[in-house]
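Working notes, beginning with the structure itself.
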């Protein structure tokens, strides 16, 4: 179970029409929505991995500390929620260093797990993995083994694996879970897909996945907030649909998911996989 901790105005669909220097002018709702996520997890005794934006952590440090106190795992989601493909290598290095510093100061130790904004580790941005390793990241969950206009490495393994890096290091990768519909690989494991598809279809896909390998699910705190301000002038028709579709039903669906499946933190899943299957497969891109 993974939660990508960002606020409603930081989402990718708004980035072309909403500048980062405007963020401070919007109502901050991430803390209350994070509380709703945590309440649902507590009700079903689920521990999760929270990938936290450094920008958010600066503003609600006590809430981020509470996540660890409650038994959850905290990872990095970068600082500015910029897709890697929009950054130079130096800009990305600075973003990660800033996030690691902020979260490390809050938690007492920098995170070792990471998820890229917009799943932006792609074939063209694999250079980012070396930088993550240099920053102390050992576990990643950014790669989507699917065709998509913006993200994805279709040929990537679908199960847990290790990636051999050009710098000689390794990263453990928990790829995003994909299912199939009419012969096409699709994402059923959270976000807008979870809100869009009927719950029965999601359940079927995840049940099929768990018969052969662990799956990963992801949610954003703003997806628990149907009352959030509407930024309809900051994106197009498709962006509005992607962001707002079925927000009013999502908390109930999320709770149904928690009731029907077993979840844990990313690190715990890797530990269990090592005990059951030994060394993970090692690949080189």
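Couple of notes before you dig in:
- Among the residues listed as 227, 183, the single one being over 26 Å from residue 102 (Cβ atoms), modelled with pLDDT of 95 or more and surrounded by fewer than 17 Cβ atoms within 10 Å (Cβ to Cβ): 227
- The residue that is nearest to residue 42 (Cα to Cα), among those in region 55-81 that are part of a loop (DSSP other than H, G, I, E, B) and touching a residue at least 40 places away in the same chain (Cβ under 8 Å), is 72.
- Taken together, 128, 116 contain a single residue that is closer than 22 Å to residue 268 by Cβ and in contact with a helix residue (DSSP H, G or I) (Cβ under 9 Å, 6 or more places away or on another chain), which is 116.
- Any hit, region 198-210, residues being in a loop (DSSP other than H, G, I, E, B) and surrounded by 14 or more Cβ atoms within 10 Å (Cβ to Cβ): no
- Any hit, region 89-110, residues being surrounded by 20 or more Cβ atoms within 10 Å (Cβ to Cβ), touching a residue at least 24 places away in the same chain (Cβ under 8 Å), within 17 Å of residue 221 (Cα to Cα) and in contact with a strand residue (DSSP E or B) (Cβ under 6 Å, 6 or more places away or on another chain): no
- Filter result for residue 256 (modelled with pLDDT of 95 or more, surrounded by 13 or more Cβ atoms within 10 Å (Cβ to Cβ) and either over 22 Å from the mean Cα position of the chain (by Cα) or more than 24 Å from residue 45 (Cβ to Cβ) (or both)): no
Yes or no, residue by residue, for (1) over 13 Å from residue 228 (Cα atoms); (2) surrounded by fewer than 20 Cβ atoms within 10 Å (Cβ to Cβ); (3) in contact (Cβ under 8 Å) with a residue 24 or more places away in the chain:
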site	(1), (2), (3)
4	yes, no, yes
18	yes, yes, yes
22	yes, yes, no
25	yes, yes, no
41	yes, no, yes
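- Test: residue 46 is touching a strand residue (DSSP E or B) at 6+ places or on another chain (Cβ under 9 Å) and modelled with pLDDT of 95 or more: no
- Among the residues of region 134-159, those identified as touching a strand residue (DSSP E or B) at 6+ places or on another chain (Cβ under 8 Å), closer than 24 Å to residue 74 by Cα and buried (at least 20 other Cβ atoms within 10 Å of the Cβ) are 137, 139, 140, 141, 142, 143, 144.
- Unmet requirement for residue 86, which otherwise passes all of (1) farther than 30 Å from residue 127 by Cβ; (2) free of Cβ contacts under 8 Å to residues at least 40 places away in the same chain; (3) surrounded by fewer than 16 Cβ atoms within 10 Å (Cβ to Cβ): (1)
The values are calculated or read from the model by the stated rules, or taken from the named source; none is laboratory data. None of these values were measured; they are calculated from a predicted model. For neighbour counting, all protein chains shown are included, and Cβ atoms are generated from backbone atoms with ideal geometry for every residue, glycine included.
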